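The structure appears right after this line, and notes come after that.
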Amino acid sequence: MLLAWADTQARYRIPHGYADQLVAGVARDLAHTRYASFTELAEYCYGVASTVGLMCLPIFACRGPAAARYAVELGLALQLTNILRDVGVDLAGGRLYLPIDDLRRFEVSEADLRAGTLDARVRGLLAHQAARAHAHYAAARAALPHADARRLVAPEIMGAIYRAILHRIEARGYDVFSEVVRIPRPRRAVIALATWARVLAGRL
């Protein structure tokens, strides 16, 4: 695997720093189980998600500041969606990625989340996280370079599927405790085809 990565990195001239940031981001999960603020959480999301997009850009033959902004924003949006979807699963594993200062703002305790409480406080907290994800999806869309849109159809498809997950979480009243919210495979295929067609048609 490392030989394949070294070949890919050299072939597409992928900057070494992004891989280092990815490893550092993932390594935080070895000991870091709580995040005091959204600033801390955004740094983590950048490390484990945005860096992957930045490394893919040269493979997609996309370079430049607009493409980089797109990769960073989409990575943040995808990871925030993951965090919202997996609140219950992560808590069972001893981790909480929702910022502690947000819990205090909405007067929600970890015990409330562990119990799967879905009152106005918890829904407000989770809606706040969903709004952040939506904002980053919008920022990614705004940054998407029109000239690179066809080259970026793969991340656009991924973004569309994850936005569908976010919408489903909202439609369920933010119940992320009783089961992990997923998009069925046939629906994912429909989203992928629709996104592919939209990008090819230049409807961004």
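The values are calculated or read from the model by the stated rules, or taken from the named source; none is laboratory data. Note that the coordinates shown come from a computational prediction; the quantities given were computed from them, not determined experimentally. With ideal geometry, Cβ positions are generated from the backbone for all residues, glycine too; neighbour counts draw on all protein chains shown. These accessible areas exclude ligands, DNA and RNA; they are computed on the full protein's heavy atoms, side chains included. Shrake-Rupley method; radii C 1.70, N 1.55, O 1.52, S 1.80 Å.
What the table shows:
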{"read-out": "Dipole axis of the chain (+1 Lys, Arg; -1 Asp, Glu on Cβ), positive-most option in 204, 165, 32", "value": "204"}
{"read-out": "Estimated inter-spin distance, residue 171 and residue 158, nm [label 7 Å along Cα→Cβ]", "value": "2.4 nm"}
{"read-out": "Modelled FRET efficiency - R0 41 Å, residue 30 with residue 66, Cβ distances, 0.05 increments", "value": "0.75"}
{"read-out": "Accessible carbon and sulfur surface of the chain relative to its total accessible area, %, 1.4 Å", "value": "60 percent"}
{"read-out": "Vicinal HN-Hα couplings computed from phi for segment 69-74 (Karplus, 6.51 cos²θ - 1.76 cosθ + 1.60; Hz; Gly/Pro x)", "value": "4, 4, 4, 5, 5, 5"}
{"read-out": "Residue-averaged 222 nm ellipticity for the chain, from DSSP H runs of 4+ at -39500 (n - 2.57), nearest 500", "value": "-21000 deg cm²/dmol"}
{"read-out": "Gaussian network model of the chain, Cα within-10 Å springs - most flexible of 57, 103, 30", "value": "30"}
{"read-out": "Estimated Rh, segment 1-114: Kirkwood, alpha-carbon pairs, angstrom", "value": "15.5 Å"}
{"read-out": "Answer label for Rg/Rh (Cα atoms, Kirkwood Rh) (calculated), chosen among (i) 0.99; (ii) 1.03; (iii) 0.94", "value": "(i)"}
{"read-out": "Relative contact order [Cα under 8 Å, 6+ residues apart], segment 93-204, whole percent", "value": "28 percent"}
{"read-out": "Förster radius 35 Å - calculated FRET efficiency between residue 104 and residue 188, Cβ distance, rounded to 0.05", "value": "0.45"}
